[in-house]
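The block underneath contains the structure these notes are about, expressed in structure tokens.
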Amino acid sequence: MLSILRKARLKDKEMRVLLLGLDGAGKSSICAALLKEPLDKISPTLGFAIKTIEHDGYKLNIWDVGGQKTLRTYWRNYFERTDTLIWVVDATDRIRLGDCAEELGKLLLEERLSGASLLIFNNKSDVQASMSDEEVRKGLHLDDIRTHTWTIISSSAVTGLGLHQGIEWVLQDAKNRLFLF
């Protein structure tokens, strides 16, 4: 039933994408890179920002929400009608991978996010000695996820690595799950 309602709602090919992750993971930098905006003036997001990306006839409204510990309790205010959750991992931050897994695990239990697909950007993958996709997959226990369609993609907001591949995956997943055409 949820699938039918989403398909009816999305006739205009518009999607709501929620961009989350721990502070410093590079969420805002990824948004800026996708929009070809300069990366040198990005500061920590202290609330949220909405950016719209138009790609291949689709409109993705991306809600970039701050990841500081004090802001995470407010994440639930942004869950409504989310089609895709993009979870950004800092591939250079092995110390907080456990915290990252815990926060992602909580999100995946949220009823209002059920039915949303999950894209994990393993960001900063261009940095030497960063975690591989395999390390992040294991650290986040991604193979245990049975409630959401997911994929993990190595990325870099600085070089653009994997960003368009990620958006392509989001759109293909939406075409398969949400759109009638």
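The values are calculated or read from the model by the stated rules, or taken from the named source; none is laboratory data. Source: prediction; values computed, not measured. Note that each Cβ is placed from the backbone with ideal geometry, even for glycine, and that neighbours are counted across all protein chains shown.
Structure summary
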{"read-out": "Test: residue in the stretch 68-81 that is assigned to a strand (DSSP E or B) and either closer than 19 Å to Ile153 by Cα or within 15 Å of the chain's Cα centre (by Cα) (or both)", "value": "no"}
{"read-out": "Failed criterion for Leu107 (all others in (1) more than 17 Å from the chain's Cα centre (by Cα); (2) in contact (Cβ under 8 Å) with a residue 24 or more places away in the chain; (3) in a helix (DSSP H, G or I) hold)", "value": "(1)"}
{"read-out": "Count of the stretch 135-175 residues which are closer than 15 Å to Ile86 by Cβ and in a helix (DSSP H, G or I)", "value": "14"}
{"read-out": "Among residues of the stretch 118-148, those that are at pLDDT below 95 and among the hydroxyl-bearing types (Ser, Thr, Tyr), counted", "value": "1"}
{"read-out": "Where Ser29 falls short, out of the listed (1) part of a helix (DSSP H, G or I); (2) farther than 22 Å from Ser130 by Cα; (3) in contact (Cβ under 8 Å) with a residue 24 or more places away in the chain", "value": "(2)"}
{"read-out": "Checklist (1) surrounded by 16 or more Cβ atoms within 10 Å (Cβ to Cβ); (2) among the aliphatic types (A, V, I, L, M); (3) at pLDDT below 95 applied to Ala8, failing item", "value": "(1)"}
{"read-out": "Positions within the stretch 43-74 being surrounded by 16 or more Cβ atoms within 10 Å (Cβ to Cβ) and more than 14 Å from Val17 (Cβ to Cβ), in sequence order", "value": "Thr45, Gly66, Gly67, Leu71, Arg72"}
{"read-out": "Subset of the stretch 120-140 [surrounded by fewer than 23 Cβ atoms within 10 Å (Cβ to Cβ), in contact with a strand residue (DSSP E or B) (Cβ under 9 Å, 6 or more places away or on another chain) and hydrophobic (A, V, I, L, M, F, W, C)]", "value": "Met131"}
{"read-out": "Matching residues, the stretch 141-152, being surrounded by fewer than 20 Cβ atoms within 10 Å (Cβ to Cβ) and among the β-branched types (Val, Ile, Thr)", "value": "Ile145, Thr147, Thr149, Thr151"}
{"read-out": "Residue that is touching a residue at least 24 places away in the same chain (Cβ under 8 Å) and assigned to a helix (DSSP H, G or I), where the choices are Ala129, Ala101", "value": "Ala101"}
{"read-out": "Residue check, Arg94 more than 19 Å from Val65 (Cα to Cα), at pLDDT below 95 and surrounded by fewer than 16 Cβ atoms within 10 Å (Cβ to Cβ)", "value": "no"}
